[in-house]
1. Does segment 97-130 hold any residues that are assigned to a strand (DSSP E or B), of a type outside the set (Val, Ile, Thr) and closer than 23 Å to GLU84 by Cα, and which are they?
2. Which members of segment 72-90 meet the condition of being in a loop (DSSP other than H, G, I, E, B), closer than 15 Å to GLY117 by Cβ and open to solvent by less than 60 Å² (accessible area, probe 1.4 Å)?
Amino acid sequence: MRKILKVLGGLVIVMSLVACGEEDNVAEQVKSVETTADTLKEGENGYAGTNSILGVGKDDSNLKLITKYAGANNQTELQAMLAEGKAVLVDEGMPITLIERGVLSAKIKLTETGDVGWVPSEVISQDKPE
């Protein structure tokens, strides 16, 4: 439960900056994503740079639900998504394959489990965290 709360806290901060329309913060995020994108390209293997939650699915709709529930601190719905397989916990350092990269989210495949879905873009990393 603590791990979920810690992960959700990071998601809420990122998504709230974007939702509030703080242009400077969004510009910093885009710059950060562009820098990381230069090192990890679509189709390449990398790692989860932080703990997160994967919104499982072909589109980012489950990630959007995760973000909404995290913002409302709705642990019941988040637990339900995990139980239903609509979300999967991603541990820092977990091997991934980058499938598609957007400014705010990235579609990845978890190498160990084969789960495919969406995480915030800043989660992915070319280098394994220490």
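1. Filtering segment 97-130 for residues assigned to a strand (DSSP E or B) gives 97-101, 105-110, 116-120, 124-125.
The next check asks that each one be of a type outside the set (Val, Ile, Thr); those that pass are 98, 100-101, 105-107, 109-110, 117-118, 120, 125.
SER105, ALA106, LYS107, LYS109, LEU110, GLY117, TRP118, PRO120 - these are the residues of segment 97-130 that are assigned to a strand (DSSP E or B), of a type outside the set (Val, Ile, Thr) and closer than 23 Å to GLU84 by Cα.
2. GLY85
The values are calculated or read from the model by the stated rules, or taken from the named source; none is laboratory data. Please read all numbers here as calculations on a predicted model, not as lab measurements. In this analysis, Cβ positions are derived from the backbone assuming ideal geometry, glycine residues included, and neighbour counts consider all displayed protein chains. Each accessible area value is taken on the protein alone, full model and side chains, heavy atoms only, with ligands, DNA and RNA left out. Shrake-Rupley method; radii C 1.70, N 1.55, O 1.52, S 1.80 Å.
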